[in-house]
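Comments concern the structure below.
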There are 2 protein chains.
Amino acid sequence: MENQPSRENQPAKAPTTPYYDIVIVGAGPVGLMLSTCLARWGYRIKHIDNRAEPTPTGRADGIQPRSLDLLRNMGLKTAIMAHKPARVYEVAFWDPPRSGKGIARTGTWASCPSFIDARYPFTTLLHQGHIERVFISDLEKHGVQIQRPWTITGFKSDDKANPEYPVEVNLEHTDGTMRETVYAKYLFSGEGARSFVREQLKIGVTHKDPIAHVWGVMDAVVKTDFPDIKMKCTIHSEHGSIMVIPREDNMVRLYIQIASSTDDDWNPRKTATEEEVQASAKRILSPYSIEWERVEWYSVYPIGQGISEKYTLDHRVFLGGDACHTHSPKAGQGMNTAFLDASNLAWKIHAVEAGLADRALLTTYEPERKEVAENLLAFDNKYAKLFSQRPPAANEVQAASEQTGSQEEDNDFVKTFKESCEFTSGYGVAYKPNALNWSLDHTAKSPLVHPKGTRLRTGRGMINANVTRVVDANVVHLEQEIPLNGSFRIYVFAGKPSTTAKALEDFAVHLNNKRSFFGSYLRSDIDSVSHHESHNPHSLFFTFCTVFAAARKEIEISRDLPGLLGRYRDHVYADDRWDRRVPDAKAAAHAKMGLDEEKGGVVVVRPDGYVGVVAALVEGSGTVDALNEYFGAFCTKKLGETVSRL
Amino acid sequence: MENQPSRENQPAKAPTTPYYDIVIVGAGPVGLMLSTCLARWGYRIKHIDNRAEPTPTGRADGIQPRSLDLLRNMGLKTAIMAHKPARVYEVAFWDPPRSGKGIARTGTWASCPSFIDARYPFTTLLHQGHIERVFISDLEKHGVQIQRPWTITGFKSDDKANPEYPVEVNLEHTDGTMRETVYAKYLFSGEGARSFVREQLKIGVTHKDPIAHVWGVMDAVVKTDFPDIKMKCTIHSEHGSIMVIPREDNMVRLYIQIASSTDDDWNPRKTATEEEVQASAKRILSPYSIEWERVEWYSVYPIGQGISEKYTLDHRVFLGGDACHTHSPKAGQGMNTAFLDASNLAWKIHAVEAGLADRALLTTYEPERKEVAENLLAFDNKYAKLFSQRPPAANEVQAASEQTGSQEEDNDFVKTFKESCEFTSGYGVAYKPNALNWSLDHTAKSPLVHPKGTRLRTGRGMINANVTRVVDANVVHLEQEIPLNGSFRIYVFAGKPSTTAKALEDFAVHLNNKRSFFGSYLRSDIDSVSHHESHNPHSLFFTFCTVFAAARKEIEISRDLPGLLGRYRDHVYADDRWDRRVPDAKAAAHAKMGLDEEKGGVVVVRPDGYVGVVAALVEGSGTVDALNEYFGAFCTKKLGETVSRL
C-alpha cells in the first residue's frame, strides 16, 4: 500500500515497553489479520504465539472469493497466489449408481456461479503456513515480530486503576524460563478453540448442533485414475463417504468421517490409522484405483459445532476466530470468517483510538460478527443435509447457476442453492441495520438517504465495477481503488458533469464547513502533507472517489471538479467501460449501483468494505447534511445541526 | 514452471569446468533471457557481465503487451508486476494551441487499441534493474550465477580442432587480477551497442537513417499541475519538444532532444546540464508549473540508428539485442526486441543440442530477427514523422481505435496508425515464411495444410482464447497453458466429439508410428516418467493440448480421447467460454482461430509461441502425414514417407 499515513493521534512521547496499544495472543489467521491492519495504521503491538513457528502442515486453507477481494485490497493477494494454490471452480457429487456397483458422478455445481458478481469466482486452496508467512512478512515490514513460543498466563482489566492502559497481561515463555508483564489498551484472543482468555472470562460455548463427529484428514500426493481428483468432490458410496479437496503441488486433501455421535457405538475418542483411512478410501473410490506416493500430513480430530456466548465482556478484551466459533471443515469457512472477525474489529479500534468514533462503536463488533457465526453454523448443518436428502437435479443446478437477477420465483432447492453459494463464496455476509449500516428506517431525518433504485445493500460489500482512471487512463477495479487504510471510502457518483456541476460544487462547499463530518476531522498536519499523498491529503478518516458518467477524454479534473475533490486526482474516474451484466447501460458502474446516470449519488463504504449508507447527490446542503447525520450517529463530535447519537 | 524436465541428451558424464554449453557475455535483457531459457532446460552456462551489479538506475524499461505474454509464459510476470510498475494505456499529444500561447492537448491515442486482441493492453514501465533482478533470481534457482565484473578479452571458433566445444573464450576480471580460458559450444554477445565480439568479427553496422540525435533523459519525482503527468505524452511547443513517460513510485521520465544532426550547429558532443534541461522543461510545459522534488537519474547520450550486418558468421558465435540494433528510445522497443532475439535463439539451440533439429535450424535466427530489427528502425522513423507532419484528427483516431476487423478501406493515416499500434504493442512481429513458418506455398505436398477459413497466421503469435480445463474446471488462457519449456505446442482443436472421434483415434494411431515426428523423438526414460508430468510425458519436444467444442461436463477424458492424448489430461479443454470478439460463436476458441466448430483442426505452435503450421483434422493418416512433412523440413530423422529437407 502506498502512502500509508501513520496514526496522527499517537502521543508525542509514547510510553515504551511494557506499554502497548494491543496484546494479541495467537498468530493464526485472525490474530495475523488484526495485527497486520493495526501495524499498518501505526499501533504498538505485542503479538505472541505458543508455537515455535508458523503452521508447518495441514490446517484450514480455503480462501473464498470474497476473502481474495479483501487480501487484494491489502496488497497481499499476489504474494499468496505466487504459491500457485489450487483453484476450485466446481464441486462434483459422486454417488452409488442406479444400477451396478461403485460410484458415478451425479452432478457438478459451480463454487461461485455467475449470478454472483465475483472478481475471482473460485475457492483458493493453499497450505495455511504459506498464508501465515505472507502476513508475517508484511508485519515485519511494519516493525512487528511475533514473539514465539510464548503463552498467556493471566490478565486483568481495570479501567479505573489505569484508564489509559487498563489491561494488564502476564506472558510466559512456553518453557517457563522467562516472564513478562505488559500493559495494553486492548487484549485480543486469537487462540483457537481452546482459548485460555475465553475460559478465564468464564464465557460459555453454546453447541448449536448436538451432533459431533470424528474426522480423519490426510494431505497427500496420490496416483489415481479417479477423473475428478483435481476437483472438490463429495463422494457417497456403500463403503462410506469421503470429501476430496485439491491442493497446491499436486497434493490432495481427503476428509473421511470416522465416527458420528449418531452412531450406535459413538465414542469421541474413536480413531483410525493412516493405513485404515487409506484402505477405506480405496473401497470408497472403487472401481477407480488410488495409490499414495507421499503423505504430507495425517490427523484425526473430533469436532463439534460451538459458538462463544460473548465476544467481549468489557470492550477491552476481545475474542475472534475459532475462539468464538467451531464447525465442520467441509465448507472451508474457518479462515475466511477469522479474517472478517479481525478486519471488522481492526477498523473500529482504529476509529476509536485515532479519535473519530465514540468508544461505543466497539459494541457493534459482537452483534455483527456473532450473527455471521450463527449463520455459518446453521449453514454448516443445512449444507450437510442438502445432499444427504437428495442430489440436485441437473436442470435445477443449471437454472440456479445461470440466473443473474431475474424476478422469477425460485423453488426451495434453488433458493437454498443460491444462499449456499452466496455463503460459501463469502458474498453472503450481510450486516444488519445498525448505526453503521443504515436501513430505510433512518430516512426519517433525510429523504435523500437510500435513493430509489439503488441496488447497493447496506451491510453488504460494494458492488464490483470497472472504470477508467482519468489521470493515467488505466482500467481499474473501482471497489479496489482505496486500499484497506482505515478510512471511510466516499464514492461520489457524479453522473453527467453538466447536470451535477452545481451539486458537486455545493457538496464541496458544505464539506468544507467546520461542523461537517469532514471539516471536523481534518489532519493536524494538513499543511505539510505531500503533493503525492493520494488517499488522505485532508483527513485520515475519509478518502474520496469521484466517478463521472462520461468518457475519459471528456473529463478535465481542474475544470469539472471542485478543488477539494480534485485534490484526490488519482481517484477520479470515467464510467466508460462496457459491462456484460448491464450490456445496454451507458454508464455501467452507475447502472450496477442502481444510481441515476444523469444525477449520480453518494455511497459511503465502511473501512472494511461494507456499504454504510447511500445518499442522493443534490444541490444545496442536503447531501452533506445526510452524511453528517450518518457519521453523527457514532463520531465523537457534534456535526452540523444534528444531535443524533449512538 | 512445473515439471520442467531436464535435458535428456546431456552426456552421462558432462565435462566439468572449463567446458560449457554456452558462454554469454552481458547480463542485460537479451543475455538474461537467453541464459534463463537455457538454464531451465538444463544447459551448462558461463554468464559474465562487466558491471559490478545489475543496472542501478535508468535504462530501457518499457515492456510491451506482447512481452508480458512472454514473461507470463515463463512464470516471471508476477514478480515483475509486484514492483507496481506504471501502466500506459494511452498516449497524449500536446501542441501549441491555435490561438494564444502555451500548450494544449490535441489528442490521445490508445497504446494498444481494442482491434488488437491483447491480454494486457498497456505498456508496463519499470526500472530495468528490477526486471534484471527477476531474471537473476530465477537463474540462481537453476544454479547459474552471473560472474561479475568480468569481461571478454578474446575468443576463437574452430570446428575442426574441437568439434564438441569449438569456441575458446578468454575472460578477465575487469581489474585484471584474474583470467580464465573456457571452451564452449556457443558464444553469445549481449554486450550492447559497443560489442567487443561484433568488433572482433569485423561485422559492420549499417546506419539506416543518417540522422543522429543527442538526447537528455531524466528520471525524477516532480510536483506539477500538468494534468497528463501520469500519461505518456509527446509535447511540442515553441520552446522545444519533450516526451513524458510515467514510472513506478511516482517517478516520471522526461526525454528532451538536445541536438539533432539536422541542426545547423550539429555537434554530437553537445550536452546540457541537469539544470538546463529542467529550465527547458519548464518553458516547454508553461503555462503549467513543474518543480523537481528528487532527480534519480540524469544522462545525456548521442544515439543513431544502426543495424548489425550479420548476427553470426559461423552459427557458433551469435549476437543479439543492442549489439545488433540501436535506435531512438521513444517507442520503448529496445528491451522487447532483445527478449525476442533471445527467445528465438534459445529454443533453436535447444532443438539442435537436444537432438531434434538439424544444425541448419540455426540459420533461421538471423533472417527472422534481422528483419524485425529492420522493421523497427523503419518504424522508428515513421513514428517520428507521423506526428511531425500533422496531429491526427480526433475522428481518425476514433475510427482506427474502434475497428475490430471490419473490411472497410482504411485511409493512409489509419493504416499507419494500426501498423504502429501493432508494432509498439509487439503484436506486429511476423516472421516470414520459411521452414518453420509454412505459407500456402507448402501446401503442394499436403492439401490439409492451412485449411480454408483459419485466421491464424503462421509466423505470428497464437491467438488468445479462454477455455475451461476439464480436470479442474479452471477457466484458463489457452495460449498460456504450455509454459516456455522448449517444446513445440500441438493444439488439437477437436471440434464436436461425436464428429471427430475417428479422426482423433487415427491421429493417435499415426502419431504412435515409429516414423512419425512424435514416434521418432520419444524420451529414452519414457517408462519411468512420473504420473504427475503434465507437459512432456512422452517426448521433450512436443506437448499436446486437446480442445473440444463442447461444454466441460459433456467431456469425459477416458471416453472421448485416445489414450495418447488423454495422457495429457491437464491439457484437455472445453471450448465453452463466451468471448466478446465472437459473441455469436458456439465455440469461441475454435471461432477465433477460424477453425470449423464441428471438425476442428491442428495448430502447431513453435516453442517461442509463434504459429508454425495449421492442418485440417481428418480421418486416416493425413493429419500426421502433414505434420511429418512440417517437422521433416528441419528435424534430424527421416519421417514417414517424406524426404523433404531444409
Of these, B:Val509, B:Val547, which one is out of contact with any Pro (no Cβ under 7 Å at 6 or more places or on another chain), part of a helix (DSSP H, G or I) and modelled with pLDDT of 95 or more?
B:Val509
Is it true that A:Thr273 is away from chain B (no Cβ under 14 Å) and either over 22 Å from A:Tyr301 (Cβ atoms) or surrounded by fewer than 18 Cβ atoms within 10 Å (Cβ to Cβ) (or both)?
yes
Subset of the range B:308-336, residues surrounded by 19 or more Cβ atoms within 10 Å (Cβ to Cβ) and hydrophobic (A, V, I, L, M, F, W, C), comes to B:Val317, B:Phe318, B:Leu319, B:Ala323, B:Cys324, B:Ala331, B:Met335
Return a yes/no flag: does the range A:242-253 have any residue that is buried (at least 19 other Cβ atoms within 10 Å of the Cβ), outside any strand (DSSP E or B) and either among the acidic types (Asp, Glu) or at negative phi (or both).
yes
Enumerate the pairs (first residue in the range B:220-238 and within 7 Å of chain A (Cβ to nearest Cβ) and under 20 Å from B:Gln64 (Cα atoms); second residue anywhere and β-branched (Val, Ile, Thr) and not in a strand (DSSP E or B)) with beta-carbon separation below 7 Å, excluding pairs fewer than 6 apart on the same chain, so at least 6 apart or on different chains.
B:Lys230/A:Val471
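Going by the structure shown, is B:Ala259 in a strand (DSSP E or B), within 14 Å of another protein chain (Cβ to nearest Cβ) and crowded, with 18+ Cβ neighbours inside 10 Å?
Values: in a strand (DSSP E or B): yes; within 14 Å of another protein chain (Cβ to nearest Cβ): no; crowded, with 18+ Cβ neighbours inside 10 Å: yes.
No: the conditions fail for B:Ala259.
Filter the range A:118-135 down to the residues that are part of a loop (DSSP other than H, G, I, E, B) and in contact (Cβ under 8 Å) with a residue 60 or more places away in the chain and list them by number. Give the derivation first.
Taking the range A:118-135 first, the residues part of a loop (DSSP other than H, G, I, E, B) are A:118-122, A:126-127.
Listed by number, the residues that qualify are A:Ala118, A:Arg119, A:Pro121, A:Leu126, A:His127.
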Exactly one condition in (1) farther than 23 Å from B:Arg469 by Cβ; (2) assigned to a helix (DSSP H, G or I) is false for A:Thr78; which is it?
(1)
If B:Val582 satisfies every condition in (1) farther than 23 Å from A:Met251 by Cα; (2) part of a helix (DSSP H, G or I); (3) without any contact (Cβ under 8 Å) to a residue 12 or more places away in the chain; (4) in contact with a helix residue (DSSP H, G or I) (Cβ under 7 Å, 6 or more places away or on another chain) but one, which is the exception?
(2)
Name the single residue, out of those in the range A:620-646 being closer than 10 Å to A:Ala435 by Cβ and in a loop (DSSP other than H, G, I, E, B), that is modelled with the highest pLDDT.
A:Phe634
What do you reckon, is B:His239 touching a helix residue (DSSP H, G or I) at 6+ places or on another chain (Cβ under 7 Å) and more than 26 Å from B:Glu90 (Cβ to Cβ)?
no
So, in the range A:133-163, of the ones that are of a type in the set (D, E, K, R) and modelled with pLDDT of 95 or more, which residue ends up surrounded by the fewest Cβ atoms within 10 Å (Cβ to Cβ)?
A:Lys141
In the set B:Leu564, B:Leu511, B:Leu504, B:Leu484, which member is more than 14 Å from chain A (Cβ to nearest Cβ) and either free of Cβ contacts under 8 Å to residues at least 24 places away in the same chain or under 19 Å from B:Glu598 (Cα atoms) (or both)?
B:Leu504
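Would it be correct to say that B:Gly620 is more than 14 Å from every other protein chain (Cβ to nearest Cβ), over 30 Å from A:Val222 (Cβ atoms), of a type outside the set (Ser, Thr, Tyr) and out of contact with any Asp or Glu (no Cβ under 7 Å at 6 or more places or on another chain)?
no
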How many residues are assigned to a helix (DSSP H, G or I) and either crowded, with 16+ Cβ neighbours inside 10 Å or in contact with a Lys or Arg (Cβ under 6 Å, 6 or more places away or on another chain) (or both) when one looks only at the range A:283-305?
2
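Condition first: in a helix (DSSP H, G or I) and either among the aliphatic types (A, V, I, L, M) or under 19 Å from B:Leu639 (Cα atoms) (or both). Can you find one or more residues in the range B:551-563 that meet it?
Restricting attention to the range B:551-563, the residues satisfying the condition of being in a helix (DSSP H, G or I) are B:552-554, B:557-560, B:563.
Going one step further and asking which of them are either among the aliphatic types (A, V, I, L, M) or under 19 Å from B:Leu639 (Cα atoms) (or both), we end up with B:557.
Among the residues of the range B:551-563, at least one is in a helix (DSSP H, G or I) and either among the aliphatic types (A, V, I, L, M) or under 19 Å from B:Leu639 (Cα atoms) (or both), which makes the answer yes.
For the subset of the range A:456-473 comprising residues that are at negative phi and among the small types (Gly, Ala, Ser), which member is farthest from the other protein chains (Cβ to nearest Cβ)? Step through it out loud before you land on a result.
The initial filter retains those residues of the range A:456-473 that are at negative phi, namely A:456-458, A:460-472.
Applying the additional criterion that residues be among the small types (Gly, Ala, Ser) yields A:461, A:465.
On the way: A:Gly461: 22, A:Ala465: 17 Å.
Going through the qualifying residues, I end up with A:Gly461.
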Given the condition more than 14 Å from every other protein chain (Cβ to nearest Cβ), of a type in the set (D, E, K, R) and over 26 Å from B:Thr312 (Cα atoms), answer yes or no: does some residue in the range B:147-158 qualify?
no
Can you tell me which of B:Trp215, B:Trp150 is closer than 30 Å to B:Arg253 by Cβ and either polar (S, T, N, Q) or out of contact with any Cys (no Cβ under 9 Å at 6 or more places or on another chain) (or both)?
B:Trp215
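Does B:Ala473 satisfy being surrounded by 20 or more Cβ atoms within 10 Å (Cβ to Cβ), closer than 24 Å to B:Phe122 by Cβ, at pLDDT 85 or above and over 18 Å from the mean Cα position of the chain (by Cα)? If you could, list the steps in order and put the result at the bottom.
Values: surrounded by 20 or more Cβ atoms within 10 Å (Cβ to Cβ): yes; closer than 24 Å to B:Phe122 by Cβ: no; at pLDDT 85 or above: yes; over 18 Å from the mean Cα position of the chain (by Cα): yes.
No.
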Tabulated pairs, the range B:90-102, first within 14 Å of chain A (Cβ to nearest Cβ) and in contact (Cβ under 8 Å) with a residue 60 or more places away in the chain, second buried (at least 18 other Cβ atoms within 10 Å of the Cβ) and aromatic (Phe, Trp, Tyr), C-beta under 6 angstrom, 6+ apart or interchain
B:Val91/B:Trp109
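In the range A:153-182, which residues are of a type in the set (Ser, Thr, Tyr) and more than 31 Å from the chain's Cα centre (by Cα)? Can you show your working first?
Going through the range A:153-182, the residues of a type in the set (Ser, Thr, Tyr) turn out to be A:153, A:157, A:165, A:174, A:177, A:181.
Answer for the range A:153-182, where residues must be of a type in the set (Ser, Thr, Tyr) and more than 31 Å from the chain's Cα centre (by Cα): A:Thr174, A:Thr177, A:Thr181.
The values are calculated or read from the model by the stated rules, or taken from the named source; none is laboratory data. Note that the coordinates shown come from a computational prediction; the quantities given were computed from them, not determined experimentally. Neighbour counts are summed over all protein chains in view; Cβ atoms, including those assigned to glycine, are modelled from backbone coordinates with ideal geometry.
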